[in-house]
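The values are calculated or read from the model by the stated rules, or taken from the named source; none is laboratory data. Bear in mind the structure is a predicted one, so any value in this text is a computation, not a measurement. Counting neighbours? That spans all protein chains shown, and the Cβs are built from the backbone with ideal geometry, glycine included. The protein model used for the area step is the full one, side chains on, heavy atoms only, and it has no ligands, DNA or RNA in it. Shrake-Rupley method; radii C 1.70, N 1.55, O 1.52, S 1.80 Å.
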Amino acid sequence: MYPVMLDISHWSVLIIGGGRIAERKLQGLIKEAGQVTVLAPHVTERIADWARKGQVIWLPQSYQGPVDLQGYQMIFACTDQAEINQAIAEDLGPGQLINQTGDKRASNFFNMKTINHEGYLIAISSQGQSPAGAKALGESIASYLKDKENRI
């Protein structure tokens, strides 16, 4: 994997699934993406609230096939059904990015844990091996930076 930061401010991003993993992905995407759409028959209350506020578009339906992926540059497969997530990965069109949250082998990109500190962005990745480990390391680094800042 080649680490890179992408300007997705003009991209259409699709999240398929409406549970807590989708909610976690949305937290950062709402701030950065041009348009975020959630495709799921049911969503968490927080996602429903974002939809009511116009921060995301919620399409209350299940994944139907490749036609659902048209027009999106970045796709997150976040359902709790492995066969649906796999079908999404197999249905990609040319140039589409996929983060299949249940199977890193079906992904062509991973998210990184990021820390914003004094104008710097620090990114940590486990390359899909251990998202929880990357999160823990990021929290440890953030705590260290905060402690160091408090001592100055």
quick note, segment 12-106, DSSP beta bridge pairs, % antiparallel (nearest 5) is 0
Note down the nm distance, to one decimal, between modelled labels 7 Å out along Cα→Cβ at Asp147 and at Glu90. 5.0
Structure-derived Cα Rg over 2.2 N^0.38 Å - corresponding label in (i) 4.36; (ii) 0.97; (iii) 1.10: (iii)
Normalised by the number of residues in the chain, what is the relative contact order in percent for Cα pairs under 8 Å and 6+ residues apart? 17
Lys pairs, the chain - Cα-Cα below 30 angstrom, 8 or more residues apart or on other chains: 21
Projected onto the charge dipole of segment 12-106 (unit charges on the beta-carbon of Lys, Arg, Asp and Glu, signs +1, +1, -1, -1), the Cα from Tyr63, Ala87, Val43 with the largest positive-side position is that of Val43
When the helices in the chain are scored as -39500 (n - 2.57) per DSSP H run of 4 or longer and the sum is shared across all residues, what 222 nm value do you end up with, to the nearest 500 deg cm²/dmol? -10500 deg cm²/dmol
Among DSSP beta bridges lying fully in segment 71-152, give the percent that are antiparallel, nearest 5. 55
Taking all protein chains in place and a 1.4 Å probe, what share, in percent, of the accessible surface of the chain do carbon and sulfur account for? 51
Heavy-atom accessible area per residue, segment 16-110, 1.4 Å probe: how many Å²? 53
